[in-house]
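Beneath this line is the structure, given in structure tokens, with notes to follow.
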Amino acid sequence: MKRIVAVIACSCVSWTLSRAAEPGDDVEKFWPQWRGPQATGVAPNADPPVEWSEAKNVRWKVKIPGRGKATPIVWGDRVYIQTAIETDKPAPAEQQADAEPTERQGRRPHWGGGPKPTNLYEFRVMALDRATGKVVWEHTICEALPHEGGHQNATYASNSPVTDGEHFLAYFGSRGLYCFDMQGKLLWQKDFGDMRTRASFGEGSSPTLYGDTIVVNWDHEGDSFIVALDKQTGEQRWRVARDEITSWATPIVVDPGSGPQVIASATKFIRGYDLASGEVIWKCGGMTSNVIPCPVFGHGLLYALSGFRGSALLAIRIDGARGDITGSEAVVWKHDKGTPYVPSPLLYGDTLYFLSGNKAILSCFDAQTGKEHYGRQRLEGISEVFASPVGAHDHVYIAGREGTTLVLARGPEFRVLATNSLEERFDASPAIVDNELYLRGHDYLYCIARD
């Protein structure tokens, strides 16, 4: 697919005078990636409100142009967000031809992607002031015609960005990876080609950043691969082919004690790669198809889940794992009921929370032993959940698609503390920093903070 423009414009709308965070600042103070500072869904140092409404504890509410389900990230005094905006400009004829479907995609079963657009889209990143919600800077990084349609629940900005406080990496999948400094200056960009997703469902996996290495997983209906880049230059460090069909799970990087590993979960195998070389250290089967939830790691165990046309949860001890460990003693415990399709799990201390499919049905397990504290508990007030649960200050936050967020007490007993409704719909996962909760809706971005 031809790109029309790379980095069309930068708009400096307002500047804040408060001190921006430095790269050396404690990363756990912020929300640098879509599952938070520990990649578990937990903000360990935050204490946001438990109750809110349109008239209570809303610091600001800002309309975001276009559509996107990327989770906002937060560093220092800024919130960063990605969006895709349909223009009224028809795409050139050659781009229309580039976007023709393959035979498989052209059939589009009723559960597959919708029609491909004919107008160009602007793919935009925005930096907002945390105190006011005003735009500090924004870039339209490219203007292009998406080569596929998308599922009715998908957007062209569902991949979330990532930062280390020095680099801001905006990722739009088939539109590329863009590295900026924190003032909005483009440093480098990388194009991986066009992803062909299963039934044109759309894209969603986000990059992960560890030290000087950024990792992108590219599972699709073509030649799948996983690639590691130097964050300073964008140069490729390694690239490894993957025998996988489309998956949407974001990879994570963990160090179980024997060195950093990249963990990527997919239909055929969960795999652990050596961060330095890309070599496959171990692999484990057991997931369902259409793997979307991001794995989490704690207590020396990796928790991998999926829930499309089946249910799978594996707790795997990965330190010392080698080769194919499917069905081995490395699988410490497992569960095969009520696991999530879209939402990722929340690992909060000794408790593992996960939803059933996309339903408002919650389970809570002892993360180390697999003991069920409560299972398949219905969440009154919401019916469908795409956003992943998050946790802070011994509270669990679950945002429903209808605009209602439940706040639960953390722990083995199911206890609802508050039911909070806003005039929005939520699919993007929340972000939590300090005493603030950020909720990205279909139209608005909310900053929830005490009045």
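Where a number appears in this text, it was derived from the coordinates with a stated rule and is not lab data. Remember, predicted model here, so these are calculated numbers, not experimental data. Cβ sites come from the backbone with ideal geometry, for glycine too, and all protein chains shown count toward neighbours.
With the cut-off at 26 Å, tell me which of the pairs K134/K185; K89/K231; K69/K231; K89/K134 have Cα atoms farther apart than that. Display every interim value, and only then the final one.
Values: K134/K185 19 Å; K89/K231 34 Å; K69/K231 24 Å; K89/K134 28 Å.
Listed pairs above 26 Å: K89/K231; K89/K134.
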Check your understanding: What shape does the chain have by the C-alpha gyration tensor, where a ≥ b ≥ c are the square roots of the eigenvalues, rounded means a/c under 1.5, and otherwise prolate means a/b greater than b/c and oblate the rest?
Key -> rounded
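Sorted by packing (mean other beta-carbon atoms within 10 Å per residue), highest first, where do 240-250, 265-275 land?
Working: 240-250: 20.6, 265-275: 22.5.
Top to bottom by mean Cβ count within 10 Å: 265-275, 240-250.
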Review point. What is the list of residues in region 254-271 whose amide nitrogen lies under 17 Å from a point 7 angstrom out from the Cα of D319, following Cα to Cβ?
Key: 254-262
Practice item. Order the peptides 190-201, 148-159 from the highest to the lowest mean number of other Cβ atoms within 10 Å of their residues. Key: 148-159, 190-201
Practice item. Please give the residues of region 129-149, grouped as numeric ranges, whose backbone N is less than 17 Å from a label point set 7 Å along the Cα-to-Cβ vector of E28. Key: none
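If R0 is 41 Å, what FRET efficiency do you get for S277 and H393 from their C-beta distance, rounded to 0.05? List each step's numbers first, then the result.
On the way: r = 40 Å, r/R0 = 0.98.
Given R0 = 41 Å and the Cβ-Cβ separation, E is 0.55.
Can you give the helix-only mean residue ellipticity at 222 nm for the chain, where every DSSP H stretch with n ≥ 4 adds -39500 (n - 2.57) and the sum goes over all residues, rounded to the nearest 500 deg cm²/dmol?
Values: 2 runs with 11 residues, N = 451.
About -500 deg cm²/dmol.
Any idea what the dipole of the chain comes to, in debye rounded to 20, about its Cα centre with Lys/Arg Cβ at +1 and Asp/Glu Cβ at -1?
Working: 47 positive and 55 negative charges, 169 e Å.
Computed about the Cα centre, the dipole is about 820 debye.
Could the peptides 439-445, 344-350, 308-314, 89-95 be put in order, highest first, of the mean number of other beta-carbon atoms found within 10 Å of their residues? All intermediate terms of the calculation are to be shown ahead of the outcome.
Numbers: 439-445: 20.4, 344-350: 23.0, 308-314: 18.7, 89-95: 14.1.
Per-residue mean Cβ counts within 10 Å order the peptides as 344-350, 439-445, 308-314, 89-95.
Hey, with R₀ at 56 Å, roughly what FRET efficiency would N45 and K89 work out to, going by the Cβ-Cβ distance, to 0.05? Working shown, then result.
Working: r = 45 Å, r/R0 = 0.81.
My answer for the efficiency is 0.80.
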Check your understanding: Say the cut-off is 19 Å between C-alpha atoms; which of K337/K359; K29/K190; K268/K334 go over it?
Key -> K29/K190
Review point. Hey, rough spin-label estimate for E235 and D443, points 7 angstrom out along Cα→Cβ, what's it come to in nanometres?
Key: 4.9
Study note, to complete from the structure: Pseudo-spin-label distance D350 to K63, built 7 Å along Cα→Cβ, given in nm, is 5.0
Revision key, fill the gap. Long-range amide H partners of G441, meaning residues 5 or more apart or on another chain whose placed amide H is closer than 5 Å, are Y446
